[in-house]
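The values are calculated or read from the model by the stated rules, or taken from the named source; none is laboratory data. Just so you know, these numbers come straight off a predicted model, no measurement behind them. Glycine also receives a Cβ, built like all others from the backbone with ideal geometry; neighbour counts cover every protein chain displayed. With ligands, DNA and RNA removed, areas are computed over all heavy atoms of the protein, side chains included. Shrake-Rupley method; radii C 1.70, N 1.55, O 1.52, S 1.80 Å.
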Amino acid sequence: MKMENPTPIQWQFSQRALQLQSSVIREILKVTVRPEVISFAGGLPSPATFPVERMRAAYDAVLSREGKVALQYGPSDGYGPLREWIAASLSTGGVKIVPEQVLMVSGSQQGLDLLGKVLIDEGSKVLVETPSYLGALQAFSVYQPEFVSVPTDDQGLLPDQIAGIGQGARLLYALPNFQNPTGRTLPLERRVALVETCARLGLPLIEDDPYGALSYRGEPLPKMVGMNPDGVIYMGSFSKVLTPGIRLGYVVAPLPLARKLEQAKQAADLHTAQLTQMVVHEVVKDGFLTEHIPTIRKLYADQCAAMQAALAEYFPSSVTWTRPEGGMFIWVTLPKHIDSMKLLDEAIAQNVAFVPGAPFYANAPEQNTLRLSFVTVPPEKIREGIAKLGKLIASKI
């Protein structure tokens, strides 16, 4: 029976909840679902790369062979055989990663949240790149840190700038491979210097690597976790090499931290779906990624080349952009007087979308920047969308 005249609840949100803000990218994606919109906005893998039949066969195999296990609760740290596979894949160059260091998570975003939960207190100093991944800034900001921006150039962050700002910091967060949002790749000598600097300061280094396998040349640079497994926390994901819909990632951490992350995960969701983990293991265990990933690299390389050619043809000479060697993103810098947030409104009116750059900055946002993603747009549409965007920009110069 429905109550009559109940007193309206006056919701009292926590201070933490009041800090929450919507993702700019997610809000833009609400617009880009319209079929007429050419969207360079979402960091979405191309559906053309999803191994649908392979996944279907794996679900059938797992459910037929081990259905009752797959449909049951699982361990908090994850499905043992998949953790073993991940540990083995990272154990290279004399570095031994053990399965006990691997925690399976419900997408990398959960991994970021758990790391924030166990490493950050209110006011803790957290070092991030300039600009940095928006999802990480959102995940960490819930715990109210003091973000400190590490200076960067066109090759990524500058390790020689860390010593002066890293004292007492809780962590440094970095994406060394084809960074989101800029597409930059940190050179080998900087990786070595970064690991050495963090080790000298006793500063935990988070190496977030969702795009590392997507090198167009097929030769990714060495992982930093292999240089100092006791001081580097490695994050990986199956979203970019299989499908994001499975929401499956992993954190590889030194054992004391891995155990604390597991406890935090127990409080968050008990465990990541056992069925999903078993299916992914079924897919990858016999070397499928070795044959599958090159097809993704080829597609993305071709579409990146199409966008680079369109940018060169249609963008004014006063506009600059990055030239990634892998991944999914190009970073554009406009003349100083152009605000990309205002530009977005005009672009959407012409059925073109992108992500303004300002939200990717922890401090001192640069309003004249934007991110373009090319992997879900066919070359002819890339050319059409960039032509429209270039005309808009030119009208403001």
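Using a probe of 1.4 angstrom and keeping all protein chains present, the accessible surface of the range 277-397 works out to 40 square angstrom per residue. Of interest is the spacing of the C-alpha centroids, which for the range 377-397 and the range 264-301 amounts to 35 Å. Available extension along the chain between Tyr73 and Arg16 is 17.5 nm, counting 0.36 nm per residue and deducting the alpha carbon span. Here's the picture: charge each Lys and Arg Cβ at +1 and each Asp and Glu Cβ at -1 in the chain, and of Met307, Pro181, Gln167 the one pushed furthest to the positive end of that dipole is Met307.
For the range 210-215, putting each phi into the Karplus relation 6.51 cos²θ - 1.76 cosθ + 1.60 with θ = phi - 60° gives couplings of x, 10, x, 6, 9, 6 Hz, in residue order, rounded to whole numbers and with x for Gly and Pro. Sparse packing (at most 14 other Cβ atoms within 10 Å of the Cβ) combined with a DSSP loop state is found for none of the chymotrypsin sites (Phe, Trp or Tyr not before Pro) in the range 286-374.
Could you give the dipole magnitude of the range 213-307 about its Cα centre, charging the beta-carbon of Lys and Arg +1 and that of Asp and Glu -1, in debye to the nearest 20?
Working: 10 positive and 8 negative charges, 37 e Å.
Here the range 213-307 has a charge dipole of around 180 debye.
List the lysines whose Cα sits under 18 Å from the Cα of Lys391, skipping any in the same chain fewer than 8 residues away. Of all the lysines, those that pass the test against Lys391 - Cα under 18 Å, at least 8 places apart if same chain - are Lys336, Lys342, Lys381.
Computed extension gain for Lys96 through Arg217, at 0.36 nm per residue and net of the alpha carbon distance, reaches 40.9 nm. Extending 7 Å from Cα along the Cβ direction at Ala364 and again at Lys381 yields two label points whose distance is 3.8 nm.
For Ala268 and Glu146, what is the calculated FRET efficiency with R₀ set at 22 Å and r taken between the beta-carbons, to the nearest 0.05? With a Förster radius of 22 Å, E is 0.35.
So what is the 222 nm mean residue ellipticity for the chain from helices alone, if each DSSP H run of at least 4 adds -39500 (n - 2.57) and you divide by all residues, rounding to the nearest 500 deg cm²/dmol? Mind showing how you got there, number by number?
Working: 12 runs with 157 residues, N = 397.
So the helix-based figure for the chain works out to -12500 deg cm²/dmol.
A Cβ-based charge dipole, computed about the Cα centre of the chain with Lys and Arg at +1 and Asp and Glu at -1, lands at about 360 debye. Using a probe of 1.4 angstrom and keeping all protein chains present, the accessible surface of the range 8-153 works out to 52 square angstrom per residue. For the chain, the carbon plus sulfur part of the accessible surface works out to 53%, probe radius 1.4 Å. Within the shell of other residues whose beta carbon sits under 15 angstrom from the beta carbon of His281, the net charge comes to -2, with Lys and Arg scored +1 and Asp and Glu -1.
Between Phe50 and Glu36, full extension at 0.36 nm per residue minus the direct alpha carbon distance yields a gain of 2.7 nm.
Which of the trypsin sites (Lys or Arg not before Pro) found in the range 189-267 are in a DSSP loop and have at most 16 neighbouring Cβ atoms, other than their own, within 10 Å?
Arg217
Under the membrane-span-like helix rule (DSSP H runs whose alpha carbons stretch at least 24 Å along the helix axis, mean Kyte-Doolittle hydropathy -1.0 or higher), the chain yields 288-314.
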